[in-house]
1. Would you mind putting 675-683, 259-267, 417-425, 478-486 in packing order, based on average other-beta-carbon counts within 10 Å, highest first?
2. Looking only at segment 25-62, which residues have a backbone nitrogen under 20 Å from a spot 7 Å from the Cα of residue 173 in the C-beta direction?
3. Just check segment 155-280 against the gyration tensor rule for me: Cα atoms, a ≥ b ≥ c as the square roots of the eigenvalues, rounded for a/c under 1.5, and otherwise prolate or oblate depending on whether a/b exceeds b/c.
4. Could you put 564, 546 in order, starting from the residue whose Cβ has the fewest other Cβ atoms within 10 Å?
5. Where does each of 149-158, 193-202 land if you order them by average Cβ count within 10 Å, highest first?
6. Which Rg and Dmax, in Å, describe the Cα atoms of segment 662-737?
7. Rounded to the nearest 0.05, what FRET efficiency is calculated for residue 269 and residue 44 with R0 set to 56 Å and r the Cβ-Cβ distance?
8. Based on the mean of other beta carbon atoms within 10 Å per residue, what is the order of 641-654, 61-74, most packed first?
């Protein structure tokens, strides 16, 4: 890494120390010797991997991983986390593979490094407020282990400290991202020190001029008020000494960024920001916090409305303290925070506190002094299971439960409920996209539409103008929006189809009465339509036709009424048409025949009791409110209906070229044995019959059993081919079309 003479310069000597393991070792005294050795091995590996790489300031690259590991050691993270901190750039920058890391350092470390590499690939590139929030949530959700986020924050902290060495053009993007994404995450996890530092470093690089002016103003105010602050501190110490209460008092100054934000948000001048200075009063236990508050309120007057009890009601990130603002000498407002030492650990280190606190108080099994239930439960889980995944799951319950964050191809972030599928994503973009979805790709690979989305997926939806929602989607979508949009579309579609079927039926019924077509919806016929609608009880002509299509009105009764009304206006039936229609009409019905090709969706149902397919002799029944239900002619259900409700039957016939396969049931009786189901399925597949459902029954212990299949076939000839194939299969005793409802779960 360069010739030896260079090492004699002070800068080079400093670099050598920074790049060595020695500086880090001093901070690892809380680890066992074997753990320290593991961390040393990771350092050697990283040092070798980054050999020859330099940072922008001329230091060896390894100084960065060491600084990140040192920050993690401050938080007392475990050996695996420190090893991952040292190796975090190895996969991305040095061509080291995940497999290599698993072999050398074990799976947990490799997973942590892999998680960090994935987070590094995410670029936040939009300034929208809600997108920043989603991105933060996604980072937290993607990190299956909390240590990934902690290492990432340590990495970002060191990068921000050395941002001045980067080209100035990059300052804006990196500082904005830190301010929008990483500082709030640090706050959410309770890492107060890191949060304040990231904010101030971002502010310094985003608004250098404002930062320096504010820094000078604060320095000036500090020197001007030094005597005053010292006086307050003395008076406070005296009060506690008199009350015999052991306390530790520390001064606290508002960060430059929080002063700037307060001035900006509330349109204040620097002189109007009064709570720049404050004190922390650390006391032995919770009761002492409230006693300290009472003593301070006796010493100085409290500012009304400026008292907050975060001990009784802790913040969600575990922070606890009593806050009060008092009017000190010379009318200067001073803020005081009362907390215990344990609360202080949590306030400064948040989620990291469960490691810190355990290290500092190994004998304190109860950990009662942490006070907050949330952190208490984290400690318990960590102690009981040592399972990082379970620990992080628990943290996530409080952070961002049940959400999955994915990208559109244009890098917009979408938040969806856990378990959401591609179809939910499509409807979340726009109902038109959802309605026309035909296929999807996740991270560039083709996937089924029912695929559940995972955090960080890039989802691309393929649409087609002719595509419509599939009723089967209702079985797997998770979001209310997708479900309601699909239902709405299907309902509208059903209405349109029922209307068109009703129109067809009424036209046929009118022809049977000698009328060529029904009257147009023009003004000259409006009185006639009004009378007809009054007779049927419908509001509109469309509603009447839909009702006919759904079987709620009988077409020939409406037609007869219409003929009567037309006769009143002087229109008579055409005798020739009447004779021709009567002569050619379907024998068993009073209406003409309807042709079916499989394109009818909601308006026509194929009865599940007999499952008709092209080639079967069929009849059509206009069920009350169900539209047209098609049965096989020999179906027992249809025969009963015919005896009871014959006027509701109409003639139906198959088109010469149906456009899709139809479902039917097949029963196969087999000798039980190994691989029988596979053979039967292969026989059906070789006949190109799609298996939609299998019911194997409960009699697997007997010698023979019935397998019930629901299959899709083109027509009766295709079904016969499939049955022939089955009968030729070894172990099959019998194969026939089912005549009951056992396979009705379509």
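Every read-out reported here was derived from the displayed coordinates using simple, explicitly stated rules and does not represent laboratory data. Nothing here was measured: the structure is a model prediction, and the numbers come from that model. Please note: Cβ atoms are built from the backbone with ideal geometry, for glycine as well, and neighbour counts cover all protein chains shown.
1. On the way: 675-683: 15.7, 259-267: 13.9, 417-425: 21.6, 478-486: 17.9.
The packing order, highest mean first, is 417-425, 478-486, 675-683, 259-267.
2. Residues 55-57 fall inside that zone.
3. Numbers: a/c = 2.57, a/b = 1.74, b/c = 1.48.
Cα axes put segment 155-280 in the prolate bin.
4. Numbers: 564 13, 546 25.
Ordered from fewest to most neighbouring Cβ atoms within 10 Å, 564, 546 come out as 564, 546.
5. On the way: 149-158: 24.0, 193-202: 22.1.
Taking the mean over residues of other Cβ atoms within 10 Å, the ranking is 149-158, 193-202.
6. 11.4, 35
7. Details: r = 56 Å, r/R0 = 1.00.
Result of the calculation: an efficiency of 0.50.
8. Most protected by this proxy first, the peptides run 61-74, 641-654.
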